[in-house]
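Read through the structure below, which is laid out as structure tokens, and then see the notes.
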Amino acid sequence: MEPGPGRRWQKVLYERQPFPDNYVDQRFLEELRKNVHARQYRYQAVVFQSGAVVQQLCSVCVFVLTWWYMDAGMLSPQGLFGAALASSLLGYVLFDAVDGGAGRWASGRTRWADLKSTLVFAAFTYGFSPVLKTLTESISTDTIYAMSALMLLGHLIFFDYGANAAIVSSTLSLNMAIFASVCLASRLPRSLHAFVMVTFAMQIFALWPMLQKKLKARTPRCYVGVTVLFALAALAGLATVSSVGAVLFASLLLAVSCLCPYCLIRLQLLKDNIHGPWDEAEIKEDLSRFLMLIIDI
């Protein structure tokens, strides 16, 4: 069937038209849109956001260095426990001072509840430290090191850096870090070493990120300063073990904080996503009530 001279094509399915199924007229590309949802990034903002990645890389570096010092006998468990306790008390006070106690008031959690949770965790960890020390005796040391490296890598991959992605899982990330700490703690000389190592892992992988997130939201300048000081401390500690490793780690931090944001900005200019009437339909309504009705039925 040939289209008549006065017949105009319509984008409808309920009417029979004298046009092929794949026919479109010159108006088809009038609704073409490019980069509708593309975000415009600023270099300074991207560098600031990369601080979360730098923080976690330094946390893993400091944790491994601390374990190495304890394993070599250069750091006593009493010294590490005292330093960790002092830093935890300082961070606890700073955590409330940043927002004037507004977060604690909103959550309704008291300091007595925090103290009880801390004492319970310390008591259970100390009681099970002999078990942690002998937990992996039947596993070779090479396997322990390999598992710890994989768990710490998984911790970095699944950590919540502030991105809304399906791969993000704070619980999985923390569990993998604690599992790595248990594996490494089992290779330390005594049960007291294992107890202090697991406690330190909880501080640096669970409590430290919470303080950093609050500093990032409330006092960005202070957050940047703490990030720089933390990175310098990690580099200084790594330099005492391996100068080559310190250079490589410094290169990694510079790449994450400076080079990667620059590449993102440059690649964003090459983005060319097209949108138009051929896109799939998206349901934007809230279907929670409908799903609840189905469940009730």
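The values are calculated or read from the model by the stated rules, or taken from the named source; none is laboratory data. These numbers were taken from a predicted model, which means no experiment stands behind them. With ideal geometry, Cβ positions are generated from the backbone for all residues, glycine too; neighbour counts draw on all protein chains shown. SASA here: full protein model, heavy atoms, side chains in, ligands and nucleic acids out. Shrake-Rupley method; radii C 1.70, N 1.55, O 1.52, S 1.80 Å.
Overview of values
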read-out	value
Hey, Cys222 free of Cβ contacts under 8 Å to residues at least 24 places away in the same chain and in a helix (DSSP H, G or I) or not	yes
Cβ-Cβ under 6 Å pairs, at least 6 apart or on other chains, region 52-80 side farther than 20 Å from Ala250 by Cα, far side open to solvent by 20 Å² or more (accessible area, probe 1.4 Å) and part of a loop (DSSP other than H, G, I, E, B)	Tyr69/Leu75
Cβ-Cβ under 6 Å pairs, at least 6 apart or on other chains, region 116-131 side free of Cβ contacts under 8 Å to residues at least 40 places away in the same chain, far side open to solvent by 100 Å² or more (accessible area, probe 1.4 Å) and basic (Lys, Arg)	none
Entirely in region 104-205, the helices (runs of 4 or more DSSP H) that have 2 or more residues that are farther than 26 Å from Cys58 by Cβ, out of contact with any Asp or Glu (no Cβ under 6 Å at 6 or more places or on another chain) and of a type in the set (Gly, Ala, Ser)	111-127
Among the residues listed as Phe179, Phe195, Phe158, the single one being buried (at least 17 other Cβ atoms within 10 Å of the Cβ), touching a Leu at 6+ places or on another chain (Cβ under 8 Å) and over 20 Å from Gln78 (Cα atoms)	Phe158
Every residue from region 28-87 that is part of a helix (DSSP H, G or I) and modelled with pLDDT under 90	Phe28, Leu29, Glu30, Glu31
Options Leu32, Leu13, Leu90: the member that is closer than 29 Å to Gly276 by Cα, loosely packed, with under 14 Cβ neighbours inside 10 Å and free of Cβ contacts under 8 Å to residues at least 24 places away in the same chain	Leu13
Residue match in region 277-289 (condition: exposed (fewer than 10 other Cβ atoms within 10 Å of the Cβ), assigned to a helix (DSSP H, G or I), basic (Lys, Arg) and at pLDDT below 90)	yes
Scan of region 124-139 for residues that are open to solvent by 60 Å² or more (accessible area, probe 1.4 Å) and either among the small types (Gly, Ala, Ser) or closer than 14 Å to Trp67 by Cβ (or both), ordered by number	Ser138
Any hit, region 229-243, residues being more than 24 Å from Thr66 (Cβ to Cβ) and either open to solvent by less than 50 Å² (accessible area, probe 1.4 Å) or touching a helix residue (DSSP H, G or I) at 6+ places or on another chain (Cβ under 6 Å) (or both)	no
Complete set of residues in region 31-57 that are hydrophobic (A, V, I, L, M, F, W, C) and touching a strand residue (DSSP E or B) at 6+ places or on another chain (Cβ under 8 Å)	Leu32, Val36
Matching entry among Ala113, Ala97 (being under 30 Å from Ala185 (Cα atoms) and open to solvent by less than 80 Å² (accessible area, probe 1.4 Å))	Ala113
Residue check, Val168 within 13 Å of the chain's Cα centre (by Cα), free of Cβ contacts under 8 Å to residues at least 12 places away in the same chain and open to solvent by 20 Å² or more (accessible area, probe 1.4 Å)	yes
